[in-house]
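**Student:** Encoded as structure tokens, here's the structure I'll be asking about.
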Amino acid sequence: MSKNLLIIESPNKIETIGKYLKDDGFKIMATIGHIRDLTTRGMGFDEKTLEPKWIISSSKKNKDNFGKSKQEIINEIKDEASKAENVYLATDPDREGEAISWHVYEVLNDKDKAKTFRITFNEITKDAIVEALKNPRKIDIRWVQSQFARRILDRLVGYRLSKLVRQKLHGTSAGRVQTIALKFIYDREKLIEAFKETKWWTLDAMIDAEAKLILREVNKKLKNVRIKQIEEEQGSGVDFQDPDSAQIVKDSLGKDFKIYSIDDPKEYHNNPKDPYKTSTLQQDAINKLGWNVGRVTVIAQHLYEGIKINGEHTALISYPRTDSIRIADTFAASAKKFIISKYGEKYYQARTFGTSKKTNNANNIQDAHEAIRVIDPYSTPEKLKPLISRDEYALYKLIWARTIAAFMTQAIYENTIVRLNNNQNKFYTYNRRLLFDGYKKIYQHYEDHEVEHDIQLSKLKVGMNLQAKTIEVKEHTSMPPPRFNQASLIKALDEAGVGRPSTYRSMANMAIERGYARLEGRAYVMLPLGNVVVKNLQEFFPEILDKEFTKEMEAHLDDIANSDERWKEWILDDFKPQFDKEMVKAEKTMETIGPEKVGRNCPLCKKPLVYRVSKRTGTQFIGCSDFPKCKYAEFPNSPKPVLLDDKCPMCGKNLVQRLNRRGQSFIGCSGYPACHYIRKVDKNGKIIEFKNTDSKNKNTKIKSKNVKPKKKTTKIKAKGKK
């Protein structure tokens, strides 16, 4: 019998944690996520009191449950708890994890509750786990209630708005937090639509490939020169309102640019960036690795839970869902020792990190523990590269470099300004050189600014004349604000204080999954359905789509978690009455809008074709307005089918190779939808299966290693023949 029972969320952590507790009489079990959830009947809570209605699912269909129902998992936990001397609830160190621990606690009998304790750790290491076991505590009911409030709000708003959107706007869904992200995309699109470009011109002179002369001041005696803008700060240039003005200055120039001053060199310093939190890690991985937010989330979770290295599960990073940039003193000491031993004492800079001051979310930290950092500075990316996957290596290297660089010294540059005169038109150029690389010794790979700029300063003297190789008048055009990509959207949400570590992924994906926007390249582009949904929700529910109101709601959730604010009262007294009033008005007066028509009819039933959105993939497609009676569909964004020489064995028409809605290649009949013949193709283009899926015999399959089917397995009858 095990002396102690440790309960965690993910079974993937069991082996990693188990090696640290193998000699201490522990049995480790996983809840595999939530063990109870709000019922799906109605809202899932009492609408008058907000009291949650919890259910335990008995389904085994969820593959993540490893073939067990939630009731079976609960029964096993209760059985082991009755045998153990102590029960430790070690679910994730955030509000959701606190709520999961509370649910486990609630299903135990009173005798077992008395010996049950809550512990948390931000990294899966022996020291962290042992320290947590030395400091058990009771479940923080304030954190649990904050999570209840979040779930109730999401249900209250999401269920009712989604029903309205489906009935009135032919949309898919709407939600309290995710719809804000859609509003950000919508507002940016409106800015782009309203943008009016402006033009300006500059006069650019090049001494050589490195030394560009920037015009700083125009000869005051020149007439008809219209200057659009002139900045007095060092490093600025002159912009002209029209090309003629720039040409007047160009024509006034002689062949010589005389150096009249070389400023004293000035040092300036570049500081390393703060350690990662969830939002900044997602932004960097998207921008620097070219990933999407889902991929970042999954790989970061792998690195946290533990990866098998040399036959042993090892956790590589701390908890990846955090709003904090704090670093534990023990790790800071380890980082110091590593940097001094590896690079020398001059590369180390003592630093402490607290709440980020760069966001509006600074004083409202949820789930604030530690920054996302590596566990061991000495586990360098180079050591781990042959032992982990390519994706794991790429993300680990990014986190390792950011973590270690945060404790390194500034990079020091020297900047020297050279000033030149040509017919009382004043120009300047500059020389920049790196004096000390500091943190850039390991982080230069991830930065693309502050590069050295060598104009061979030692060869230049005051009074020297230089001649330009080229002098050009160049036209410039202002650009509209860029569309959001996943990284810039997460950054905007974070800075606005409306995102949280647990919501960034869903907020970044919702617009695509619901068919309200699509990605062009990596940028969000609003679809007509998304515009309709935002426009109507903004009209009838202005507060729900107001980022300041959403930020205020997040502040309420933080107050519930960190103070004695009662979680039900502010919803019942402040939010719900106004929301109910707006909902009644919308149900009565919001115009019902059908799906957008394509402008042609269905080739099967002649009813109008309309634009639809796949509930499974979120992609837009063309379908029949008489669905579900007629299931005709087109997928305009899919590659065009490739006509093959092979003939269909069912109807004799040519076969075509195409992609299904999941992007998988297959071979089908060009006579579709009249003929449903299909062959499947593997990733190398090899035919692995074909089947007859006509209406009379949809399940007839023939597996074959060759292109031709085995005649003895299935007989395919041609039309009109017996």
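The values are calculated or read from the model by the stated rules, or taken from the named source; none is laboratory data. Just so it is clear, the structure is predicted and the values come from calculations on it, not from any experiment. So basically every Cβ, Gly included, is an ideal-geometry build from the backbone, and we count neighbours across all protein chains shown. When the accessible area is computed, the model is the full protein with side chains, heavy atoms only, and any ligands, DNA or RNA have been set aside. Shrake-Rupley method; radii C 1.70, N 1.55, O 1.52, S 1.80 Å.
**Student:** Carbon and sulfur: what percent of the chain's accessible surface (1.4 Å probe)? Don't skip to the end; give the middle numbers.
**Tutor:** Working: 17880 of 37570 Å².
Solvent-exposed carbon and sulfur of the chain make up 48 percent of the total.
**Student:** A further question on this structure: How many nm separate the modelled label positions at residue 520 and residue 421, each set 7 Å beyond the Cα in the direction of the Cβ?
**Tutor:** 5.2 nm
**Student:** Along the Cα-to-C-beta direction of residue 72, a point sits 7 Å from the Cα; which residues of region 11-48 have their amide N less than 18 Å from that point?
**Tutor:** Label zone hits: 11-12, 29-36.
**Student:** Given the DSSP H assignment, sum -39500 (n - 2.57) over each helix run of at least 4 residues in the chain and divide by its residue total; what's the result at 222 nm in deg cm²/dmol, nearest 500? Mind showing how you got there, number by number?
**Tutor:** Working: 19 runs with 227 residues, N = 722.
Theoretical 222 nm ellipticity from helices: -9500 deg cm²/dmol.
**Student:** Enter the accessible area per residue of the chain (Å², integer; probe 1.4 Å; all protein chains in place).
**Tutor:** On the way: 37570 Å² over 722 residues.
Value returned for the chain: 52 Å² of accessible area per residue.
**Student:** Continuing with this model, one more query. Need the full-extension length gain, residue 295 to residue 46, defined as separation in residues times 0.36 nm minus the C-alpha distance. One decimal, nm. The partial results should precede the final answer.
**Tutor:** Numbers: separation 249, 0.36 × 249 = 89.64 nm, distance 3.74 nm.
Gain in length upon complete extension: 85.9 nm.
**Student:** Run the numbers for residue 382 and residue 433: contour at 0.36 nm per residue of separation, minus the present Cα-Cα distance, in nm. Walk me through the numbers on the way to the answer.
**Tutor:** Details: separation 51, 0.36 × 51 = 18.36 nm, distance 2.93 nm.
Full extension of this stretch gives 15.4 nm more.
**Student:** Roll a 1.4 Å probe over the protein heavy atoms and report the accessible area of residue 464 in Å², nearest 10.
**Tutor:** It works out to around 60 Å².
**Student:** Counting Lys +1, Arg +1, Asp -1, Glu -1, what net charge surrounds residue 16 among other residues with beta carbon under 11 Å of its beta carbon? Intermediate values should be presented prior to the final figure.
**Tutor:** Numbers: positive: 13, 19, 126, 308; negative: 15, 123, 305, 312.
Taking every Cβ under 11 Å from that of residue 16, the sum is 0.
**Student:** Using packing as a proxy for protection, rank 152-160, 93-101 so that the peptide with the highest average count of other Cβ atoms within 10 Å comes first. Working shown, then result.
**Tutor:** Values: 152-160: 19.4, 93-101: 23.7.
So the peptides 152-160, 93-101, ranked by packing, come out 93-101, 152-160.
**Student:** Then there is this: Treat every Asp and Glu Cβ in the chain as -1 and every Lys and Arg Cβ as +1, leave all other atoms uncharged, and give the resulting dipole magnitude about the Cα centre to the nearest 20 debye.
**Tutor:** Dipole about the Cα centre, nearest 20: 5200 debye.
**Student:** Let me ask something else. Among (i) 39; (ii) 56; (iii) 43, which is the computed percent of Cα pairs over 38 Å apart?
**Tutor:** The listed entry that was calculated here is (ii).
**Student:** Sort region 171-285 into rounded, prolate or oblate with this rule: let a ≥ b ≥ c be the square roots of the eigenvalues of the Cα gyration tensor; rounded if a/c is under 1.5, and if a/c is not under 1.5, prolate when a/b is larger than b/c, oblate otherwise. Provide the component values of the computation, followed by the final result.
**Tutor:** Working: a/c = 3.87, a/b = 1.74, b/c = 2.22.
In terms of gyration-tensor shape, oblate.
**Student:** While we're here: Projected onto the charge dipole of the chain (+1 at Lys/Arg Cβ, -1 at Asp/Glu Cβ, origin at the Cα centre), which of 445, 676, 540 gives the Cα projection farthest towards the positive end?
**Tutor:** Of the options given, the answer is 676.
**Student:** For a Förster distance of 51 Å, can you work out the FRET efficiency between the beta-carbons of residue 632 and residue 461, rounded to the nearest 0.05?
**Tutor:** Efficiency, from the Cβ-Cβ distance: 0.05.
**Student:** Now for a different question. Label residue 644 and residue 222 with points 7 Å out from Cα along Cα→Cβ: what is the distance between them in nm?
**Tutor:** Each label point is offset 7 Å from its Cα along the Cβ direction, giving 6.9 nm.
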